[in-house]
Every structure is written in C-alpha cells, then in structure tokens.
Amino acid sequence: QVQLVESGGGLVQAGGSLRLSCAASGRTFSAYAMGWFRQAPGKERDFVAGISSTGVRTYYADSVKGRFTISRDNAKNTVYLQMNSLKPEDTAVYYCAANARNYRLGSEMDYDDWGQGTQVTVSS
C-alpha cells in the first residue's frame, strides 16, 4: 500500500496557474504509475492525467491536454500536476492515486491507493 498526501490547491483566477504535489510513502514509489483525478460538486470523479512508473509515458484527458502537465520525481517520491490557463470548469477536488499495474493510465479501476484530495477553485 502507498500513502499519498496532496498539497498545492487553492483559489486562483481564471487564466492563472497552480502546481499540485502528491507526496508518497510506503512501498517503492518508483514501481507505481501515478494519476490525478478530480471531482466537481455533484459530479463523478474523472481522470485528469497519468504517468508511468519511469515517467516515459503520460496520458491526459482531452479537457486538460495542452494546459496541464504531469511529472514525477522518483528521488523525492513525489508526483506533480502543473495546471496552466485554468478555467472555472477546472474547479474540483483533485486526488492523486497510485497504480501498481503500470499499464493503463486512464482507467480509475486500475488505481488502488488514493490521497485525501486538495481543493482547487478557479474564479471567473
């Protein structure tokens, strides 16, 4: 099991930027693919971005492609989500998750361990 703690959320104006971090502890971080998901009020949780264990492969939801960048630092056991050109519709609780299978990156069912989430609010 991997323990995950997100940070970096907050309130930002439309067009602004935020960087989320997710610190991992427990099992070997470098063996896991990692992903970011988000859940807006009254909506289901959606995939945002994923990255393979080595960082070679990344995958993004169409809604964030070109605006968000996922990256990881295996030496620091941390995965990041750089969010640029933020829109009000990006407002949600953002969760990071760990994927031991390290194969599909965009499927929520492949992620076993989850953080508690961090709120991102984008004002218009």
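The values are calculated or read from the model by the stated rules, or taken from the named source; none is laboratory data. Every value quoted in this text rests on a predicted model; they were computed, and no experiment measured them. Every residue, glycine as well, gets a Cβ built from its backbone with ideal geometry; the counts of neighbours run over all protein chains shown. Note: accessible area is taken over every heavy atom of the protein model, side chains too, but ligands, DNA and RNA are not part of it. Shrake-Rupley method; radii C 1.70, N 1.55, O 1.52, S 1.80 Å.
Note that region 18-124 shows a convex hull volume over its alpha carbon atoms of 94 Å³ per residue.
At a probe radius of 1.4 angstrom, the accessible area of the chain per residue rounds to 50 square angstrom. Which of C96, T69, G55 sits farthest toward the positive end of the charge dipole of region 37-99, with +1 on the Cβ of Lys and Arg and -1 on the Cβ of Asp and Glu? After comparing all options, I get G55.
Here the Gaussian network model covers the chain, with springs between Cα atoms less than 10 Å apart; of R72, R104, R27, R27 fluctuates the most. Within the listed set M109, M83, M34, the Gaussian network model of the chain (springs between alpha-carbon atoms below 10 Å) gives the highest mean-square fluctuation for M109. This model, with +1 at the C-beta of Lys and Arg and -1 at the C-beta of Asp and Glu, gives the chain a dipole about its Cα centre of some 260 debye. Under 1.5 on a/c is rounded, so check that first for region 1-71, then, if it is not, pick prolate when a/b is larger than b/c and oblate when it is not; a ≥ b ≥ c are the square roots of the alpha carbon gyration tensor eigenvalues. Verdict is prolate for region 1-71. Among the protein heavy atoms of the chain, carbon and sulfur supply 47% of the accessible surface, probe 1.4 Å, non-protein parts ignored.
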